[in-house]
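Worksheet: the structure to be examined is printed underneath.
The values are calculated or read from the model by the stated rules, or taken from the named source; none is laboratory data. Keep in mind it's a predicted model, so treat the numbers as computed, not measured. Cβ placement follows ideal geometry from the backbone for every residue including glycine, while neighbour counts extend to all protein chains displayed. In case anyone asks, the SASA skips ligands and DNA or RNA and just uses the protein heavy atoms, side chains included. Shrake-Rupley method; radii C 1.70, N 1.55, O 1.52, S 1.80 Å.
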Amino acid sequence: MPFVQIYLGKHLSQQNKKDISLAVHQSLVDIFSIPQADYFQVIHAMEPGDILYPESYFDVPHTGNLLYIRITARAGRTPDMKQALYEKIASRIAAATPVSADDVIIIFVENDLEDWSFGRGIAQMVKK
Amino acid sequence: MPFVQIYLGKHLSQQNKKDISLAVHQSLVDIFSIPQADYFQVIHAMEPGDILYPESYFDVPHTGNLLYIRITARAGRTPDMKQALYEKIASRIAAATPVSADDVIIIFVENDLEDWSFGRGIAQMVKK
Amino acid sequence: MPFVQIYLGKHLSQQNKKDISLAVHQSLVDIFSIPQADYFQVIHAMEPGDILYPESYFDVPHTGNLLYIRITARAGRTPDMKQALYEKIASRIAAATPVSADDVIIIFVENDLEDWSFGRGIAQMVKK
């Protein structure tokens, strides 16, 4: 059910993009216990000037590899679960790609069970 | 007032895109009773590898025609109204384009009346 | 902390894009008192047919310069602060670019302090 939107620089390779996508998905599987098949994402490969960021914020420096991960999910996960998710996503991306953990920015937005249709015009999560 | 973001494959034709856009808008008019002029959308025509989805989820199979429709609207519609909206959008798209109802994924996100400006720097829905 | 997504026509120049981006950021600094370094945005330069809008809504007419600004921020700002923000953003963009205040559409979405990671896998705003 999470819907993930990734905004990254077009200089990253197809393999990098794939690894980043899988890092996010596998972290959601591990920490939020979503099913493996619950894999819904879009990736935007952006021109360098179209991703804007500060040199540093909260004492974390940033580079041209900075990427944004926007996760929409139903409400209900605790702050601790979210913190664990961020840590897992950032470390997985850093391990698999040239993007460092410092350049992984995550924004979480929540909705409700009735706010999802996974096809066929049905709101599957509240289906009676 | 809804703001609609559509993410679809670039293989779809301009006419398909137009038909999908209108299917979503007309369904919002019919089910949520928004005015005809309340038509605010962006469409992202994506590379095939940039839209990610499972082969099947909730027993609904997916193909390369899968598209995401992200709807932001003010809070207040009931789960039944949302379910009716999903059904209308999916059936309209299936009737007008090569995209089947199974490949129409919808994600709904809500905000409040003060969260909208329709130009001129005014928050029209809470204007005193 | 706000994350800003701007959807504008690709006919606008690089300088226009930069001025629009800065107009939004500086307005957030002025009205919401965010730090100067809290500058996180993506800009989507769209094909003309991929930005859809009505000729007029709420008595505000629109042109091909219409742009969407989607702001995600933590909850807590009052309707009056949001109204002041919209006014500041629209007037700044109109002063610095060919885009008129009528064509500046703003959509606000809120989340919570634990919904942000500014890199390094940390939820900085709720860090213990």
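Values for this structure:
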| quantity | calculated |
| --- | --- |
| Heavy-atom accessible surface that B and C bury in contact, both chains counted, 1.4 Å, Å² to 100 | 2700 Å² |
| More than 31 Å apart - percent of Cα-Cα pairs taken over the protein assembly as shown | 32 percent |
| Values of log10 I(q)/I(0), in the order q = 0.15, 0.16, 0.23 Å⁻¹, for the range C:82-128 under a Debye, Cα-only, solvent-free model | -0.60, -0.63, -0.75 |
| Extension gain (nm, one decimal) between A:Asp30 and A:Lys127, 0.36 nm per residue minus Cα-Cα | 32.3 nm |
| Label geometry 7 Å along the beta-carbon vector: B:Lys10 inter-copy distances in nm | 0.9, 0.9 |
| Rg and Dmax [Cα atoms of chain A; Å; Rg one decimal, Dmax integer] | 15.3, 50 |
| Shortest-first nm distances, B:Lys127 label point to equivalent points in other copies (7 Å, Cα→Cβ) | 4.4, 4.4 |
| Percent accessible area from carbon and sulfur atoms, the protein assembly as shown, protein chains only, probe 1.4 Å | 53 percent |
| Integer Hz, Karplus 6.51/-1.76/1.60 couplings in order for the range B:17-29, x for Gly and Pro | 4, 5, 5, 5, 4, 5, 4, 5, 4, 5, 5, 5, 4 |
| Cα centroid separation, the range A:56-70 to the range A:5-44 (Å) | 18 Å |
| Using θ = phi - 60° and Karplus 6.51 cos²θ - 1.76 cosθ + 1.60, couplings along the range C:71-80 (whole Hz; Gly, Pro as x) | 10, 9, 8, 5, 5, x, 7, 6, x, 5 |
| Average accessible area per residue (Å²) across the range A:3-115 - probe 1.4 Å, nucleic acids and ligands excluded | 37 Å² |
| Number of Lys pairs (Cα under 24 Å; 8 or more positions apart or on different chains) in chain A | 6 |
| Closest-to-axis residue of chain A (Cβ criterion, axis taking A to C), whole Å | A:Val109, 4 |
| Diffusion coefficient, µm² s⁻¹, Stokes-Einstein with Kirkwood Rh over alpha-carbon pairs of the range A:9-69 at 4 °C and 1.567 mPa s | 97 µm²/s |
| Within the range C:8-47, backbone nitrogen closer than 19 Å to the virtual label 7 Å beyond the Cα of A:Ser56 toward Cβ | C:35-40 |
| Shielding by partners, peptide A:87-96 (average Cβ within 10 angstrom, other chains) | 2 |
| Residue-span extension gain [C:Thr63 to C:Glu47] - 0.36 nm each, minus C-alpha spacing | 4.3 nm |
| Peptide-level mean, for B:45-56, of C-beta atoms on other protein chains within 10 Å | 5 |
